Protein chains: 2
Amino acid sequence: MTGRVVARSPLVGGPTSVPATSGTATSVPAATVSRLPGYLHALDGLHANGTAVVTSQELARAAGVTSVQLRKDLSFLGSYGRRGVGYDVEHLRHQVADVLGVREPHSVVLVGLGNLGHALAHYGGFADRGFTLVGLVDADPALVGTEVAGLVVEPPERLAELVGRTGATIGVIATPAGVAQDVCDALVAAGVTGVLTFAPRALRVPAHVDVRAVDVASELQILAFHARRPRA
Amino acid sequence: MTGRVVARSPLVGGPTSVPATSGTATSVPAATVSRLPGYLHALDGLHANGTAVVTSQELARAAGVTSVQLRKDLSFLGSYGRRGVGYDVEHLRHQVADVLGVREPHSVVLVGLGNLGHALAHYGGFADRGFTLVGLVDADPALVGTEVAGLVVEPPERLAELVGRTGATIGVIATPAGVAQDVCDALVAAGVTGVLTFAPRALRVPAHVDVRAVDVASELQILAFHARRPRA
DNA sequence: TAGATTGTTAATCGATTAACAATC
DNA sequence: TAGATTGTTAATCGATTAACAATC
């Protein structure tokens with residue numbers, strides 16, 4: 001009933017490993033997948049500053065993991081390093097991007113243009129990392145028709161048409177929690193296969209759809225747990 | 001060297017279980033801790049709508065986990081249910097809040113007032129869930145001295161004084177990635193023990209400090225992985 | 001008592017770490 | 001060849017799930 005809810009707030013759940021890409025007959029564990037974006041980002045940085053080859057130790061440091069963890073993770077993708085030497089930055093970058101499926105940009109629709117939605121709409125980091133924001137939706141008639149971040153805000157009735165027309169595969173929910181499930185249902189009905197929600201609400205989705213949830217208050221509460229002085 | 005970096009993007013790492021609260025001599029697994037905020041939020045909802053008693057099945061549904069998972073998690077906190085009946089909402093709510101350490105509000109300082117920082121400063125959900133935003137910092141001279149969300153923006157030089165004066169235990173970083181490590185170092189030097197960062201950069205912290213990282217682009221890339229059609 | 005539901009103990013499964021063999 | 005570093009195989013550890021006993 002509930003689909004692959006890959007993360008509640010920051011935990012990998014759901015199926016733990018997933019059919020791998022291209023040649024490989026293997027599969028990639030969920031925990032590994034969740035670290036690949038960090039590796040890719042670090043590789044992008046190295047590439048930008050002209051580094052051609054990197055050892056697992058250097059890359060691991062940049063990504064904030066141990067070199068053993070990194071090599072183990074990369075081994076699920078294939079054997080792309082040279083023993084005694086390291087990894088070709090450009091080659092590994094392409095392999096990781098390929099496994100993540102971000103060599104072609106994905107189209108993203110954003111629903112909800114409150115403070116957070118506005119911030120997300122203006123966030124420049126999408127394009128760099130394989131995503132194009134192609135549509136904005138909000139229920140407020142005062143916002144519909146206005147232009148935000150170069151896109152015209154559409155009403156909820158146009159959501160299905162918008163997803164269909166743009167071929168968006170991912171929907172981002174930045175609405176109040178009360179309408180998050182309805183928005184999610186509409187996104188799924190329109191055809192998206194991935195949902196990123198910022199609303200503090202568990203979302204039900206069919207099995208073929210993935211949900212990831214980011215909840216700032218939950219993150220702070222987890223920090224609070226560690227910060228607390230255990231009372232004797 | 002690297003402190004308890006509890007999550008890179010959405011994964012629980014670091015020490016896997018942590019000394020528990022109050023009476024209990026037991027410890028609470030990291031995976032359980034990461035789900036407690038969801039349980040607490042669900043309990044708050046039930047409380048608000050007047051529900052006095054809830055079964056593990058109902059609560060689990062509201063929180064988006066299985067009832068087995070929920071009961072197992074709650075068992076680490078103690079035995080607070082009544083067999084054949086369920087859990088007293090009010091009582092369990094207090095127990096969970098107590099374990100998380102959010103019965104007393106925590107003071108939070110926010111650094112970086114770009115789009116995201118502004119959105120966070122205006123986010124209303126903090127107070128409800130145990131956090132009080134007590135200070136804002138930005139390096140832009142045009143912002144310093146202005147009022148945002150009822151607080152006067154302070155310059156970076158005042159960070160240490162601000163944390164000291166307010167007793168803030170948690171710092172939120174919403175700055176550009178390039179300065180995130182410096183900001184983090186300053187927060188840690190000023191005495192915060194928890195850091196929530198939105199900058200896509202691995203942060204180094206001493207062992208007594210916890211870091212949690214939220215990276216929207218990484219979340220999207222993980223969704224992209226699942227969305228991709230594996231090419232034969 | 002019978003039915004419902006919790007909470008513990010045991011079994012399974014996945015993820016991380018350690019050891020080491022392969023090879024550049 | 002010797003040194004460096006990758007990548008695999010095995011060992012450990014933690015998290016989830018299943019089975020069931022306890023008890024309201």
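The values are calculated or read from the model by the stated rules, or taken from the named source; none is laboratory data. Being a predicted model, the structure only gives us computed values, none of them experimental. Note that we place each Cβ from the backbone using ideal geometry, even for glycine, and neighbour counts take in every protein chain shown.
Some values worked out for this structure:
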item	result
Number of positions in segment B:41-61 that are within 12 Å of another protein chain (Cβ to nearest Cβ), of a type outside the set (D, E, K, R) and in contact (Cβ under 8 Å) with a residue 40 or more places away in the chain	1
Which listed residue is touching a helix residue (DSSP H, G or I) at 6+ places or on another chain (Cβ under 8 Å) and surrounded by fewer than 22 Cβ atoms within 10 Å (Cβ to Cβ), from B:A149, B:A202, B:A142, B:A207	B:A149
Of all residues in segment B:201-214 being part of a loop (DSSP other than H, G, I, E, B) and within 7 Å of chain A (Cβ to nearest Cβ), the one that is nearest to B:D182 (Cα to Cα)	B:A202
Residue that is farthest from A:D185 (Cα to Cα), among those in segment A:102-119 that are buried (at least 22 other Cβ atoms within 10 Å of the Cβ) and within 13 Å of the chain's Cα centre (by Cα)	A:V102
Neighbours by Cβ (under 6 Å, 6+ apart or cross-chain): first from segment A:62-78, away from chain B (no Cβ under 12 Å); second exposed (fewer than 15 other Cβ atoms within 10 Å of the Cβ) and at pLDDT 95 or above	A:S67/A:Q57
Residue selected from segment A:153-167 under the condition farther than 27 Å from B:L120 by Cα and not charged (D, E, K, R), by the criterion surrounded by the most Cβ atoms within 10 Å (Cβ to Cβ)	A:V163
Selection from segment A:46-56 of residues that are part of a loop (DSSP other than H, G, I, E, B) and closer than 19 Å to A:R35 by Cα	A:T55
A:V183 vs. criteria in a helix (DSSP H, G or I) and on the phi < 0 side of the Ramachandran plot	yes
Among (1) in contact (Cβ under 8 Å) with a residue 24 or more places away in the chain; (2) among the acidic types (D, E); (3) touching a helix residue (DSSP H, G or I) at 6+ places or on another chain (Cβ under 9 Å) - the single one A:D88 does not satisfy	(3)
A:A174 vs. criteria within 21 Å of A:G124 (Cα to Cα) and either more than 7 Å from chain B (Cβ to nearest Cβ) or in contact with a His (Cβ under 8 Å, 6 or more places away or on another chain) (or both)	yes
Matching residues in segment A:46-79 - criterion: being within 26 Å of A:F131 (Cα to Cα) and within 6 Å of DNA strand D (Cβ to nearest atom)	A:L74
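This table checks each residue for (1) within 14 Å of chain B (Cβ to nearest Cβ); (2) within 22 Å of B:L223 (Cα to Cα).
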site	(1), (2)
A:Y80	no, no
A:L92	no, yes
A:L100	yes, yes
A:A121	yes, yes
A:G124	yes, yes
